[in-house]
Amino acid sequence: MSFFDNWFAKKGDGDKLSRPILNKILETIRESAIVVGEDTRVVASNRAAYNAFGRRNGALDGKRLSEILRDLNLHEAFRRALSDKKSSDIELEIPLENCKYDVHIAPVEIDDQRSAVGIFYDITQIERLETMRQEFLSNISHELRTPLTSILAFVETLEDGALRDEENNARFLGVIRKNAERMHRLIDDILELSSIESGNVSLDVKPV
(Lines give C-alpha, C1' and ligand atoms only; values in the text may rest on other atoms or scores of the structure.)
Protein backbone atom coordinates (compact mmCIF):
# COMPACT_ATOMS: atom_id res chain seq x y z
CA MET A 1 0.00 0.00 0.00
CA SER A 2 1.42 3.39 -1.01
CA PHE A 3 1.59 6.51 1.14
CA PHE A 4 -1.31 7.93 -0.88
CA ASP A 5 -3.42 4.86 -0.11
CA ASN A 6 -2.67 5.24 3.60
CA TRP A 7 -3.58 8.91 3.48
CA PHE A 8 -6.94 8.23 1.83
CA ALA A 9 -7.64 5.38 4.24
CA LYS A 10 -7.10 7.64 7.24
CA LYS A 11 -8.51 10.91 5.93
CA GLY A 12 -11.23 9.81 3.53
CA ASP A 13 -12.12 11.13 0.10
CA GLY A 14 -12.61 14.86 -0.35
CA ASP A 15 -10.27 15.96 2.45
CA LYS A 16 -8.09 19.02 2.04
CA LEU A 17 -4.42 18.83 1.17
CA SER A 18 -1.80 21.54 0.80
CA ARG A 19 0.43 21.73 -2.26
CA PRO A 20 3.69 21.16 -0.30
CA ILE A 21 2.27 18.03 1.34
CA LEU A 22 0.94 16.85 -2.03
CA ASN A 23 4.36 17.22 -3.62
CA LYS A 24 5.96 15.29 -0.77
CA ILE A 25 3.44 12.48 -1.17
CA LEU A 26 3.99 12.33 -4.92
CA GLU A 27 7.73 12.02 -4.37
CA THR A 28 7.30 9.00 -2.09
CA ILE A 29 5.11 6.71 -4.18
CA ARG A 30 6.24 4.31 -6.88
CA GLU A 31 2.93 4.22 -8.73
CA SER A 32 2.11 6.75 -11.42
CA ALA A 33 0.03 9.60 -9.98
CA ILE A 34 -1.77 12.42 -11.79
CA VAL A 35 -3.72 15.23 -10.11
CA VAL A 36 -6.13 17.34 -12.19
CA GLY A 37 -8.05 20.51 -11.40
CA GLU A 38 -11.66 21.38 -12.23
CA ASP A 39 -10.68 22.26 -15.81
CA THR A 40 -9.19 18.72 -16.13
CA ARG A 41 -5.70 20.15 -16.56
CA VAL A 42 -2.90 18.39 -14.72
CA VAL A 43 -1.84 20.39 -11.67
CA ALA A 44 0.65 17.85 -10.32
CA SER A 45 2.22 14.53 -11.25
CA ASN A 46 5.20 12.42 -10.26
CA ARG A 47 8.23 10.97 -12.02
CA ALA A 48 6.55 7.59 -12.46
CA ALA A 49 3.67 9.24 -14.33
CA TYR A 50 6.09 11.05 -16.62
CA ASN A 51 7.95 7.81 -17.33
CA ALA A 52 4.67 6.05 -18.12
CA PHE A 53 2.77 8.75 -20.01
CA GLY A 54 5.07 11.71 -20.59
CA ARG A 55 7.65 10.26 -22.95
CA ARG A 56 5.21 10.64 -25.83
CA ASN A 57 3.58 13.82 -24.55
CA GLY A 58 6.37 15.78 -22.87
CA ALA A 59 5.85 17.41 -19.46
CA LEU A 60 2.44 16.52 -18.03
CA ASP A 61 1.71 19.50 -15.77
CA GLY A 62 -0.55 22.04 -17.45
CA LYS A 63 -1.86 19.64 -20.09
CA ARG A 64 -5.47 18.54 -20.30
CA LEU A 65 -6.04 14.94 -19.30
CA SER A 66 -7.41 14.23 -22.79
CA GLU A 67 -4.05 15.23 -24.30
CA ILE A 68 -2.28 12.58 -22.23
CA LEU A 69 -4.71 9.67 -22.07
CA ARG A 70 -7.60 9.16 -24.46
CA ASP A 71 -9.91 6.85 -22.56
CA LEU A 72 -13.59 7.67 -22.02
CA ASN A 73 -13.94 5.58 -18.85
CA LEU A 74 -10.94 7.32 -17.31
CA HIS A 75 -12.28 10.78 -18.18
CA GLU A 76 -15.71 9.89 -16.78
CA ALA A 77 -14.14 8.65 -13.53
CA PHE A 78 -12.24 11.93 -13.11
CA ARG A 79 -15.44 13.86 -13.91
CA ARG A 80 -17.32 12.00 -11.15
CA ALA A 81 -14.53 12.75 -8.70
CA LEU A 82 -14.56 16.46 -9.59
CA SER A 83 -18.30 17.11 -9.88
CA ASP A 84 -19.87 14.46 -7.64
CA LYS A 85 -16.95 13.85 -5.24
CA LYS A 86 -17.17 10.12 -5.91
CA SER A 87 -14.26 7.70 -6.03
CA SER A 88 -13.90 5.14 -8.80
CA ASP A 89 -11.80 2.12 -9.68
CA ILE A 90 -11.36 1.36 -13.36
CA GLU A 91 -9.16 -0.69 -15.65
CA LEU A 92 -7.14 1.20 -18.24
CA GLU A 93 -5.57 -0.46 -21.26
CA ILE A 94 -3.12 1.26 -23.61
CA PRO A 95 -2.93 -1.03 -26.67
CA LEU A 96 -0.16 0.88 -28.46
CA GLU A 97 2.17 0.32 -25.51
CA ASN A 98 0.71 -3.06 -24.55
CA CYS A 99 0.16 -1.84 -20.98
CA LYS A 100 -2.66 -2.31 -18.52
CA TYR A 101 -3.41 -0.43 -15.29
CA ASP A 102 -5.79 -0.63 -12.36
CA VAL A 103 -6.63 3.01 -11.63
CA HIS A 104 -8.05 4.50 -8.42
CA ILE A 105 -9.52 7.99 -8.86
CA ALA A 106 -10.59 10.03 -5.84
CA PRO A 107 -11.65 13.62 -5.06
CA VAL A 108 -9.33 15.80 -3.03
CA GLU A 109 -9.08 19.51 -2.22
CA ILE A 110 -5.68 21.13 -2.71
CA ASP A 111 -5.33 24.58 -1.16
CA ASP A 112 -9.14 24.86 -1.16
CA GLN A 113 -9.31 24.02 -4.87
CA ARG A 114 -11.42 21.05 -5.94
CA SER A 115 -9.22 18.45 -7.61
CA ALA A 116 -9.04 14.74 -8.36
CA VAL A 117 -6.14 12.34 -8.08
CA GLY A 118 -5.58 9.19 -10.09
CA ILE A 119 -3.22 6.45 -8.92
CA PHE A 120 -2.19 4.06 -11.72
CA TYR A 121 -1.16 0.55 -10.67
CA ASP A 122 0.71 -1.17 -13.48
CA ILE A 123 -0.63 -4.73 -13.77
CA THR A 124 0.92 -5.45 -17.18
CA GLN A 125 3.41 -8.01 -15.88
CA ILE A 126 0.79 -9.67 -13.67
CA GLU A 127 -1.53 -10.04 -16.67
CA ARG A 128 1.26 -11.52 -18.78
CA LEU A 129 2.18 -14.01 -16.08
CA GLU A 130 -1.47 -15.00 -15.69
CA THR A 131 -1.72 -15.56 -19.46
CA MET A 132 1.42 -17.70 -19.37
CA ARG A 133 0.02 -19.68 -16.44
CA GLN A 134 -3.23 -20.35 -18.27
CA GLU A 135 -1.37 -21.43 -21.42
CA PHE A 136 0.85 -23.71 -19.33
CA LEU A 137 -2.16 -25.34 -17.66
CA SER A 138 -3.83 -25.80 -21.03
CA ASN A 139 -0.71 -27.45 -22.48
CA ILE A 140 -0.25 -29.66 -19.43
CA SER A 141 -3.89 -30.76 -19.60
CA HIS A 142 -3.36 -31.81 -23.21
CA GLU A 143 -0.07 -33.56 -22.41
CA LEU A 144 -1.71 -35.53 -19.58
CA ARG A 145 -4.81 -36.40 -21.59
CA THR A 146 -2.81 -38.03 -24.41
CA PRO A 147 -1.08 -40.79 -22.37
CA LEU A 148 -4.18 -41.25 -20.20
CA THR A 149 -6.31 -41.88 -23.28
CA SER A 150 -3.77 -44.42 -24.52
CA ILE A 151 -3.69 -46.19 -21.15
CA LEU A 152 -7.48 -46.45 -20.99
CA ALA A 153 -7.67 -47.74 -24.55
CA PHE A 154 -5.16 -50.55 -23.94
CA VAL A 155 -6.75 -51.45 -20.58
CA GLU A 156 -10.12 -51.83 -22.32
CA THR A 157 -8.46 -53.96 -25.01
CA LEU A 158 -6.97 -56.24 -22.36
CA GLU A 159 -10.30 -56.47 -20.55
CA ASP A 160 -12.03 -57.44 -23.79
CA GLY A 161 -9.91 -60.58 -24.11
CA ALA A 162 -6.45 -59.46 -25.18
CA LEU A 163 -5.15 -60.39 -21.74
CA ARG A 164 -5.22 -64.02 -22.92
CA ASP A 165 -3.44 -63.11 -26.16
CA GLU A 166 0.06 -64.25 -25.29
CA GLU A 167 1.52 -62.76 -28.47
CA ASN A 168 0.34 -59.21 -27.72
CA ASN A 169 -0.54 -58.82 -24.03
CA ALA A 170 3.07 -58.15 -22.99
CA ARG A 171 3.32 -55.45 -25.70
CA PHE A 172 0.07 -53.87 -24.52
CA LEU A 173 1.31 -53.83 -20.93
CA GLY A 174 4.56 -52.26 -22.13
CA VAL A 175 2.63 -49.44 -23.83
CA ILE A 176 0.62 -48.89 -20.64
CA ARG A 177 3.82 -48.71 -18.58
CA LYS A 178 5.45 -46.31 -21.06
CA ASN A 179 2.51 -43.90 -20.94
CA ALA A 180 2.22 -44.18 -17.15
CA GLU A 181 5.90 -43.24 -16.85
CA ARG A 182 5.29 -40.29 -19.19
CA MET A 183 2.47 -39.08 -16.93
CA HIS A 184 4.71 -39.55 -13.90
CA ARG A 185 7.39 -37.32 -15.45
CA LEU A 186 4.82 -34.64 -16.30
CA ILE A 187 3.48 -34.64 -12.75
CA ASP A 188 7.04 -34.39 -11.40
CA ASP A 189 7.60 -31.36 -13.65
CA ILE A 190 4.41 -29.73 -12.38
CA LEU A 191 5.40 -30.32 -8.74
CA GLU A 192 8.89 -28.95 -9.39
CA LEU A 193 7.51 -25.81 -11.04
CA SER A 194 5.11 -25.37 -8.14
CA SER A 195 8.01 -25.61 -5.67
CA ILE A 196 10.02 -23.05 -7.65
CA GLU A 197 7.02 -20.69 -7.74
CA SER A 198 6.49 -20.98 -3.98
CA GLY A 199 10.21 -20.49 -3.25
CA ASN A 200 10.61 -23.89 -1.60
CA VAL A 201 13.55 -25.01 -3.75
CA SER A 202 17.00 -25.35 -2.22
CA LEU A 203 20.05 -25.44 -4.47
CA ASP A 204 22.65 -28.15 -3.95
CA VAL A 205 25.84 -26.34 -4.97
CA LYS A 206 28.81 -28.58 -5.75
CA PRO A 207 32.27 -27.79 -7.12
CA VAL A 208 32.73 -28.55 -10.80
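Looking at 161, 174 in this structure, which one is modelled with pLDDT of 85 or more and either acidic (Asp, Glu) or in the same structural domain as residue 137 (by TED's automatic domain parsing) (or both)? It would help to see each step written out before you state the result.
On the way: 161 fails: modelled with pLDDT of 85 or more.
When all the criteria are applied, what remains is 174.
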Filter result for residue 67 (loosely packed, with under 14 Cβ neighbours inside 10 Å and either at pLDDT 90 or above or under 25 Å from the mean Cα position of the chain (by Cα) (or both))
no
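Hey, among 76, 109, 127, 143, which residue is under 30 Å from residue 41 (Cα atoms) and in a helix (DSSP H, G or I)? Explain how you work it out, then say what you get.
Working: 109 fails: in a helix (DSSP H, G or I); 127 fails: under 30 Å from residue 41 (Cα atoms); 143 fails: under 30 Å from residue 41 (Cα atoms).
From the options 76, 109, 127, 143, the qualifying one is 76.
The values are calculated or read from the model by the stated rules, or taken from the named source; none is laboratory data. Bear in mind that the values here come from a model prediction, so they are computed numbers and not experimental data. Virtual Cβ from ideal backbone geometry, glycine too; neighbours counted across all protein chains shown.
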